[in-house]
């Protein structure tokens with residue numbers, strides 16, 4: 001069974017955003033499998049690097065949607081994103097003195113808990129603002145994603 005199992009409690013009701021959330025969950029599941037099966041640190045680091053890149057990409061797009069749809073708590077939501085990104089970057093490259101940092105399992109558990117809680121508790125708050133603006137969501141997702149939010 002997957003470390004994180006997608007279910008409707010994780011859906012924000014916006015298919016493109018749900019699709020990205022599923023990709024994030026898939027990556028966390030791969031990270032968990034790699035740490036639990038004691039894959040080489042290089043493998044774990046590669047998966048974590050992919051996750052960090054995917055998170056950054058997703059957060060920028062999600063924030064553009066929130067801005068375009070007038071979500072009133074955008075700044076607070078963005079602060080939560082930045083805090084998580086800071087955590088990920090701090091854990092992205094473990095100490096070179098150890099083959100495997102003792103915190104791998106703790107880090108993966110933290111990532112899982114943060115992601116699931118964030119989707120269920122924070123992302124669901126902006127969903128009502130996107131429901132009335134499907135054309136805006138589509139337009140945001142069709143434009144460049146690395147512009148400053």
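Details
- Here residue 4 passes the criteria (1) in a helix (DSSP H, G or I); (2) within 21 Å of residue 120 (Cβ to Cβ) except the one numbered (1).
- Any hit, segment 72-86, residues being more than 12 Å from the chain's Cα centre (by Cα), at positive phi and in a loop (DSSP other than H, G, I, E, B): no
- Number of the exception - residue 86 against (1) surrounded by fewer than 16 Cβ atoms within 10 Å (Cβ to Cβ); (2) at pLDDT below 95; (3) under 30 Å from residue 128 (Cα atoms); (4) touching a helix residue (DSSP H, G or I) at 6+ places or on another chain (Cβ under 8 Å): (4)
The values are calculated or read from the model by the stated rules, or taken from the named source; none is laboratory data. Note that the structure is a prediction, hence the values are computed from the model and not measured. All Cβ positions, glycine included, derive from the backbone under ideal geometry; neighbour counts span all protein chains shown.
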